[in-house]
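What follows is a short report on a single structure.
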Amino acid sequence: INDGSTQLSSRRLFEQMAEFPDTQLLHHEDNRGKGAALKTGISYAQNNGYRFVVTADADGQHLARDIRRVSEHAIASGKFTLGSRAFSEDVPLRSRLGNIMTAWLFSLAFRTPIRDTQTGLRAFPARYFSDMVAIASNRYEYEFQALINAVGNGVVDQVHVETVYEPGNPSSHFRPLLDSGLICFVFLRYIFLVPFIGIADISAFTLLSDYLEPATAFGIVRMISVIVYFIAMRRWVFRSEGTFAWQIPRYLLLVFFNIAMMLMVFNLLENSFPNTLSAVYLVSSVVFFVFNFVVQRYVIFKS
């Protein structure tokens, strides 16, 4: 896929590649990003009956024999397969630190040890094509989001591959500061949105509870926040393309469960600790956020 490149050297390279047998060259008129280019290729494979897709970066970091090994493993196992590199002292410092940091964050957030979260050597069967094309991201963070989705489905295998870096890694287009920020943003949007909405939620509850019964105040605030949370989670946090018919009923079940549990807490503590309801609401919201995040990520807004 020529992602809108206008450089003469690139055009010549694409022309040479197009001369190989069974090679289809696809073009973007404008630069859309790595994720968009990958989705174009996956869509082509999906529309033309291919059984699997293999992706490999063009910066010389993946050996032909490793590409073959990862491909064969994916075909045999039927799983989303990563070619995982080892990051020894021979690897450039910026690449080593970036991979160590993202691997640690990934393991912490998703409780799944992935040795190489940034590898571009991946293979997956046709049953993943639709999910891969539906991912909203279009640039470097696309591959990270694809990995998150695959881990959520419990289908990731890792095959050790040789680590190859040119001196100084000059051919890599991975911009450490900007693109690491884009990747980490996948995590940050999970973390920051809910507390932001939660502050408004708790403030409204505190204000209304001065004039209404706690249960009534909670019910009013929760009805408003239900709508806000659903839209924000679907469109901005999880960027889900699922159907409303699937998501809304399950989301409402989660809401009703939260309300029932919170009201039970209020009823138990209202008489014993009447002046600490706002604090109880805050603590309960934090506790339920962990539970709600897991349910929403892997059940309701599953990509």
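The values are calculated or read from the model by the stated rules, or taken from the named source; none is laboratory data. This is a predicted model, so every value here is computed, not measured. A quick note on method: Cβ atoms are made from the backbone with ideal geometry, for glycine too, and the neighbour counts reach across all protein chains shown. Areas reflect the complete protein model, heavy atoms only, side chains present, ligands, DNA and RNA absent. Shrake-Rupley method; radii C 1.70, N 1.55, O 1.52, S 1.80 Å.
Quick notes on this structure:
- In region 138-176, residue modelled with the highest pLDDT [restricted to those that are open to solvent by 60 Å² or more (accessible area, probe 1.4 Å) and closer than 15 Å to residue 56 by Cβ]: 162
- Lone unmet requirement of (1) modelled with pLDDT of 85 or more; (2) surrounded by 14 or more Cβ atoms within 10 Å (Cβ to Cβ) for residue 91: (1)
- Against the test of being of a type outside the set (Val, Ile, Thr) and over 25 Å from residue 163 (Cα atoms), the options 36, 76 yield a single qualifying residue, 36.
- Counting the residues of region 177-219 that are over 14 Å from the mean Cα position of the chain (by Cα), open to solvent by 50 Å² or more (accessible area, probe 1.4 Å) and modelled with pLDDT under 80 gives 6.
- Residues that are among the acidic types (Asp, Glu) and within 17 Å of residue 54 (Cα to Cα), drawn from region 131-161: 131, 143, 157
- Test: residue 52 is open to solvent by 20 Å² or more (accessible area, probe 1.4 Å), in contact with a helix residue (DSSP H, G or I) (Cβ under 7 Å, 6 or more places away or on another chain), hydrophobic (A, V, I, L, M, F, W, C) and modelled with pLDDT of 90 or more: yes
- Listed conditions (1) open to solvent by less than 30 Å² (accessible area, probe 1.4 Å); (2) part of a helix (DSSP H, G or I); (3) modelled with pLDDT of 80 or more; (4) not acidic (Asp, Glu) are all met by residue 130, apart from (1).
- The one condition from (1) free of Cβ contacts under 8 Å to residues at least 60 places away in the same chain; (2) more than 24 Å from residue 267 (Cβ to Cβ) that residue 239 does not meet is (1).
- Boolean, residue 260 is surrounded by fewer than 18 Cβ atoms within 10 Å (Cβ to Cβ), free of Cβ contacts under 8 Å to residues at least 24 places away in the same chain and under 19 Å from residue 294 (Cβ atoms): yes
- Matching residues, region 3-36, being in a strand (DSSP E or B) and either open to solvent by less than 90 Å² (accessible area, probe 1.4 Å) or in contact with a Lys or Arg (Cβ under 7 Å, 6 or more places away or on another chain) (or both): 3, 28
- Residue within region 59-66 that is open to solvent by 90 Å² or more (accessible area, probe 1.4 Å) and at pLDDT below 90 present: no
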